[in-house]
1. Those residues that are open to solvent by less than 40 Å² (accessible area, probe 1.4 Å), within 15 Å of ligand 2 (Cβ to nearest atom) and assigned to a loop (DSSP other than H, G, I, E, B), I need them from segment 372-413; list them, please.
2. Of the residues Leu80, Leu129, Leu86, which is surrounded by fewer than 19 Cβ atoms within 10 Å (Cβ to Cβ) and more than 17 Å from the chain's Cα centre (by Cα)?
3. Take segment 34-55 and flag every residue that is in a loop (DSSP other than H, G, I, E, B) and either away from ligand 2 (no atom under 16 Å from the Cβ) or open to solvent by less than 10 Å² (accessible area, probe 1.4 Å) (or both).
4. Which of (1) at pLDDT below 95; (2) closer than 19 Å to Ile29 by Cβ; (3) more than 16 Å from ligand 1 (Cβ to nearest atom) is the odd one out, the single condition Leu384 does not satisfy?
5. Quick one: is Leu101 closer than 24 Å to Val180 by Cα, away from ligand 2 (no atom under 14 Å from the Cβ), in contact with a strand residue (DSSP E or B) (Cβ under 8 Å, 6 or more places away or on another chain) and not acidic (Asp, Glu)?
6. What residue, among those in segment 144-172 that are under 11 Å from Arg117 (Cβ atoms) and among the polar types (S, T, N, Q), is most open to solvent (accessible area, probe 1.4 Å)?
7. Can you tell me which residues in segment 7-33 are surrounded by 24 or more Cβ atoms within 10 Å (Cβ to Cβ), within 13 Å of Gly78 (Cα to Cα) and either of a type in the set (Gly, Ala, Ser) or within 16 Å of ligand 1 (Cβ to nearest atom) (or both)?
8. Of everything in segment 267-307, what is over 16 Å from Asp202 (Cα atoms), assigned to a helix (DSSP H, G or I) and touching a residue at least 40 places away in the same chain (Cβ under 8 Å)? Give them in sequence order.
Amino acid sequence: MDNQYLWWRDGVIYQIYPRSFADSNGDGIGDLNGIRSRLDYLAELGVDAIWLSPINPSPDVDFGYDVSNYLDIDPKFGTLADFDALVDEAHRRGIRIVLDLVLNHTSDQHPWFIQSRSSRDNPFRDYYLWRDPAADGGPPNNWQSIFGGSAWEWDAQTGQYYYHMFYKEQPDVNWRNPPVRKALLDVFRFWCDRGVDGYRLDVFNMYFKHPDFPDNPPAVGLRGFDRQKHIYDCDQPEMFPLLREIRAILDSYPERFAVGETFLSTPQKAASYCAAGLLHTTFDFTFLHSPWKPARFLKAIQDWEQALQQEGWPTYVLNNHDNPRSATRYGQGEDDNRLQVAAALLLTQHGTPFLYYGEEIGMRDIPITREMVQDPVGKRFWPLYKGRDGCRSPMQWNDSPNAGFSTGKPWLPVHANYRQRNVSAQQNQPDSLYHFYRKLIQLRKEYPVLRNGFFQPLTFEPQRLLAYLRQNADQTILVALNFGKRPVRLALGGMVRRASWKLLLSNRRDHLPPLKDGLLLPLEGHEVLILLQEA
Ligand code: GLC
Ligand code: CA
């Protein structure tokens with residue numbers, strides 16, 4: 001077992017949505033100086049790295065996920081000098097910086113696309129995917145945009161269609177074109193040279209589409225996008241040599257890292273991209289989509305571990321900027337009991353935990369009305385789907401106006417619960433969710449077995465209780481999580497029963513009741529019990 005602490009494998013990574021974290025100049029939009037002013041908070045929470053959702057210049061059709069220049073900082077977030085200062089001060093506190101690279105598509109305002117669409121013989125034409133219409137004048141094939149409608153946009157000026165998996169303002173680039181490939185690989189070098197420690201690769205498994213653009217075969221589904229099998233518009237074999245090349249670039253710098261956002265992910269697919277020589281790790285989103293059922297979480301862990309075959313390294317996520325928050329999915333009103341169980345589940349896994357800003361204080365989604373929707377997917381699918389604004393509301397720092405996020409009018413409203421639910425209040429309250437996250441992160445630092453130990457379930461078809469061991473050659477930790485509000489008892493069998501256990505952490509008690517031979521381990525409603533086997 002490699003005992004040297006490796007930040008991206010052994011640490012905890014915290015995702016920041018920069019628009020919503022901290023606003024330093026009162027324009028209502030979070031920025032880099034705002035993040036820098038909160039580094040002490042992040043250090044105290046104990047996170048090893050921050051992943052920043054995109055900060056490159058962007059017309060914000062998809063709030064940063066439409067980039068118009070890969071080598072600069074958007075002025076609303078600050079300058080390159082502000083960025084350097086952030087990197088520097090983060091590093092001084094032992095916090096690494098992970099950037100979000102959106103390399104599947106650019107903004108339609110990127111100079112490449114402006115050139116590309118200007119004429120058919122422009123040297124940048126092949127930077128994107130242009131095709132003639134089908135025989136009937138319609139789109140070249142049946143491919144759909146995940147944001148709704150055909151993925152092909154007609155360009156009257158040059159008489160061809162261009163391809164976009166997301167909005168029409170996000171044209172997909174042509175990764176098969178050598179100058180494109182070179183320019184995009186240089187983006188990794190540019191930011192590595194500036195001290196960036198890692199990358200989150202936005203929808204990387206879509207970079208290549210089938211070169212002949214065949215129709216996707218049909219599938220059963222509700223919306224147009226779901227009514228086809230996405231076998232030609234993503235996951236093409238060319239991805240593997242490209243990932244090897246990206247990995248080689250990262251490996252030419254010390255301790256650099258990449259995590260891939262697997263689009264249309266399954267554990268098997270996500271695992272296939274983080275085998276030896278490819279990405280360090282990828283996201284599997286099963287936790288994030290799981291109902292509040294211990295059996296489902298157990299299955300998610302087992303499927304992910306099995307798919308990885310001990311080759312790739314797992315990650316676990318309960319939240320990100322694209323989905324309703326776990327506090328909204330699992331929390332009941334303002335009750336945080338389930339969120340303590342969820343926190344313990346996430347932070348005692350064999351795999352890197354990713355947190356999303358505000359998760360540690362149980363931030364809920366803000367309710368969205370038609371008038372306030374910002375996310376274009378919300379506008380498009382309203383009222384069937386209200387978009388992703390709910391989970392992007394300003395960080396709740398304290399009970400002052402705008403929750404201490406901004407002195408101006410925030411770009412999205414602050415949640416109405418901010419006077420009670422905020423960082424300062426929870427810092428002053430020893431049994432808050434914030435302190436529970438902190439303790440779990442500390443425990444993970446203190447006990448290597450929580451980072452590298454094997455996962456071994458103790459409950460097999462859990463209805464209310466999930467229990468497992470984390471075990472390496474030196475230590476064993478037992479984690480028992482009561483998902484329900486009623487007390488339960490965990491029957492400890494054989495070896496586990498005979499061992500002697502010491503209480504490391506519980507949200508319900510300070511001492512473990514004496515465990516006699518044959519005794520059942522009692523848990524209160526929503527209790528988290530973490531025990532260490534004594535030598
Ligand atoms: C990823 C991002 C999402 C974005 C999309 C297009 O799924 O997480 O926010 O809209 O890619 O870049
Ligand atoms: Ca600002």
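1. Once the filter is applied, which keeps residues that are open to solvent by less than 40 Å² (accessible area, probe 1.4 Å), within 15 Å of ligand 2 (Cβ to nearest atom) and assigned to a loop (DSSP other than H, G, I, E, B), segment 372-413 yields Pro394, Met395, Trp397, Phe405, Ser406, Gly408, Pro410, Trp411, Leu412.
2. Only one candidate qualifies: Leu80.
3. Gly46, Val47, Asp48, Ser53, Pro54, Ile55 - these are the residues of segment 34-55 that are in a loop (DSSP other than H, G, I, E, B) and either away from ligand 2 (no atom under 16 Å from the Cβ) or open to solvent by less than 10 Å² (accessible area, probe 1.4 Å) (or both).
4. With respect to (1) at pLDDT below 95; (2) closer than 19 Å to Ile29 by Cβ; (3) more than 16 Å from ligand 1 (Cβ to nearest atom), Leu384 is out only on (2).
5. Answer is yes for this residue.
6. Checked segment 144-172; the qualifying residue most open to solvent (accessible area, probe 1.4 Å) is Gln157.
7. Once the filter is applied, which keeps residues that are surrounded by 24 or more Cβ atoms within 10 Å (Cβ to Cβ), within 13 Å of Gly78 (Cα to Cα) and either of a type in the set (Gly, Ala, Ser) or within 16 Å of ligand 1 (Cβ to nearest atom) (or both), segment 7-33 yields Pro18, Arg19, Gly30.
8. Once the filter is applied, which keeps residues that are over 16 Å from Asp202 (Cα atoms), assigned to a helix (DSSP H, G or I) and touching a residue at least 40 places away in the same chain (Cβ under 8 Å), segment 267-307 yields Pro267, Ala271, Pro294, Ala295, Phe297, Leu298, Ile301, Gln302, Trp304, Glu305, Ala307.
The values are calculated or read from the model by the stated rules, or taken from the named source; none is laboratory data. What you are looking at is a predicted structure, and each value in this text was computed from that prediction instead of being measured. Positions of Cβ are backbone-derived with ideal geometry, glycine not excepted, and every protein chain shown enters the neighbour counts. For the accessible areas, the whole protein counts, side chains as well, though only heavy atoms, and no ligand, DNA or RNA atoms are used. Shrake-Rupley method; radii C 1.70, N 1.55, O 1.52, S 1.80 Å.
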